[in-house]
Amino acid sequence: MAGIEERVREVLGRIPARVAVVAAAKTRTPDEIRKALAGGIRAVGENYVQEAEVAQNALGRSAAEWHLIGALQRNKAKDAVRLFDLIQTVDSVRLAEKLDAEGRKIGRVVSILIEVNSGREPQKAGVLPEDVEAFAREIAGFSSIEVRGLMTLGPALCAPGALRLFFAETKRRFDELTRLELPNARMTILSMGMSDSYREAIDEGASMVRLGTALFGPRREDG
Ligand SMILES: *Cc1c(COP(=O)(O)O)cnc(C)c1O
């Protein structure tokens, strides 16, 4: 089996240059992340504040652009603002308010994506597609956050072809939100698509994909 660095080069070679690739690094060691960076990865996605801290202690804060792609608890907002260049999972006004406050304290504008629950799954994180505009308007007065775009996962256990529908709807919401020109929005990022679905996501307008197994190989828990 090819090494991580080789696999990363191969995958990056197949993805159009206009699409940013985030290496989804959950359960990966700093050494594995280092190999992905050597292969040409520039952004690393972490699901937990704690894992980002471990990786950054080993590799350095400036080794990559760091994204939070997992759920964020409000009591970790302060750490998140320090550790991440982009927080992809904002889905509540209270969280946005907290990030805004933490950003203001340290004189920084916090870049965020609004997470969309495009599959309308009851237990899943994210704002419902039909609520995205109202949500964005509600947080538009927070001047220490900047809404850079939208992120979605799409329903789990959904075949890549079937995911297109959810990606397409998220793209539609992205375009609508862009046209609103809200004061704290600079909409350039549409983050959707993972290892099994990134081709479909790119077809449907993704400007950023989040890849784990395609770059690193199967996770240890997966066998
Ligand atoms: C794990 C993860 C990914 C990548 O998943 P793969 O199927 O391994 O590519 C992408 N996005 C999020 C939010 C994740 O947690």
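Points to keep in mind about this one:
- For the range 157-168, the count of residues that are more than 20 Å from Val19 (Cβ to Cβ), touching a residue at least 24 places away in the same chain (Cβ under 8 Å) and within 13 Å of the ligand (Cβ to nearest atom) is nonzero.
- The range 141-156 - residue that is out of contact with any strand residue (DSSP E or B) (no Cβ under 7 Å at 6 or more places or on another chain) and modelled with pLDDT of 95 or more and, of those, nearest to the ligand (Cβ to nearest atom): Leu153
- Leading residue by the ranking (farthest from Ala24 (Cα to Cα)) among those in the range 172-183 that are crowded, with 16+ Cβ neighbours inside 10 Å and in contact with a helix residue (DSSP H, G or I) (Cβ under 9 Å, 6 or more places away or on another chain): Leu182
- Any chance Val54 is of a type in the set (Val, Ile, Thr), more than 17 Å from Lys26 (Cβ to Cβ) and either more than 16 Å from the ligand (Cβ to nearest atom) or in contact with a strand residue (DSSP E or B) (Cβ under 8 Å, 6 or more places away or on another chain) (or both): no
- Residue that is surrounded by the most Cβ atoms within 10 Å (Cβ to Cβ) [pool: residues in the range 122-170 that are of a type in the set (Gly, Ala, Ser) and part of a helix (DSSP H, G or I)]: Ala136
- Whether a residue is within 16 Å of the ligand (Cβ to nearest atom), touching a Leu at 6+ places or on another chain (Cβ under 6 Å), modelled with pLDDT of 95 or more and closer than 16 Å to Leu211 by Cα was assessed, and Val19 does not pass this test.
- Complete set of residues in the range 171-223 that are under 12 Å from Val21 (Cβ atoms), more than 11 Å from the ligand (Cβ to nearest atom) and not in a helix (DSSP H, G or I): Ala206, Ser207
- Per the conditions (1) within 13 Å of the ligand (Cβ to nearest atom); (2) over 29 Å from Val127 (Cα atoms); (3) not basic (Lys, Arg), the sole criterion not satisfied by Thr29 is (1).
- Set side by side, the residues Leu113, Leu99 differ, and just one is buried (at least 20 other Cβ atoms within 10 Å of the Cβ), on the phi < 0 side of the Ramachandran plot and within 13 Å of the ligand (Cβ to nearest atom), which is Leu113.
- Selection within the range 184-198 - touching a Lys or Arg at 6+ places or on another chain (Cβ under 8 Å), surrounded by fewer than 22 Cβ atoms within 10 Å (Cβ to Cβ) and under 17 Å from Phe166 (Cβ atoms): Met194
The values are calculated or read from the model by the stated rules, or taken from the named source; none is laboratory data. Remember, predicted model here, so these are calculated numbers, not experimental data. Glycine gets a Cβ as well: all are built from the backbone with ideal geometry, and neighbour counts include every protein chain shown.
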